[in-house]
1. Once percent of Cα pairs over 30 Å apart is worked out from the coordinates, which option in (1) 23; (2) 43; (3) 10 does it equal?
2. Show the residues, 5+ positions off or on another chain, whose built amide H is closer than 5 Å to the amide H of GLY156.
3. Sorted by average packing, counted as other Cβ atoms within 10 angstrom per residue and highest first, what order do 95-103, 113-121 take?
4. ASP103: net charge of surrounding residues, Cβ under 15 Å, Lys/Arg +1, Asp/Glu -1, itself excluded?
Amino acid sequence: MSDSRAQAHVRRSEELFAQLNLWLPTWRDICELVLPRKSNLSLMHQPSRAQGRTNTERMLDSVAPHALELLSASIQGSLTSESIRWFYFRLRGIPYGEDIIIDRWLEKSGNTAYDELRNSNFSAEAHEFYTDLASIGTAAMFIERKEPKPGQPWQGLRFKTLP
């Protein structure tokens, strides 16, 4: 990579951190009142909370955290419930029922994908994702393949909601 491209990336990174730093105080305030376990937000060696201060020092009562928990659970139950199949595979331009071989393959692929999600930590991380989304208004989830064990090439998926 040329020096000018590297410098451009460094400048862009600095711009993005400057924008992020505008939001951090607001996110800290929200977390201290609604999501105290995440109120210790800090990036780039910025002080977050005074030594010895508890996570719940600014909370008035448990109404807001409880409401957030109910909202997160409701979003998860509505969008990605563990109790019902919430997605199906289809091909654009090929109506369902037009080609039985394609329909069977898509159904089998969808079942496999659904089983992989159910056998992973997706549900727990999805709940954390919806909690972040409902509280601070932004969320990100990382997905990776679990490291294979000798003789077993596929170990499944691992999800991680990024703070």
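None of the figures in this text is laboratory data; all of them are computed from the coordinates on show. Values in this document were obtained by computation on a predicted structure and should not be read as measured data. Here the Cβ positions follow ideal geometry from the backbone for every residue, glycine too, while neighbour counts run over all protein chains shown.
1. (2)
2. The answer is LYS146.
3. Numbers: 95-103: 11.0, 113-121: 13.9.
My ranking of the peptides, most packed first, is 113-121, 95-103.
4. On the way: positive: ARG90, ARG92, ARG104, LYS108; negative: GLU98, ASP99, GLU107.
The answer is +1.
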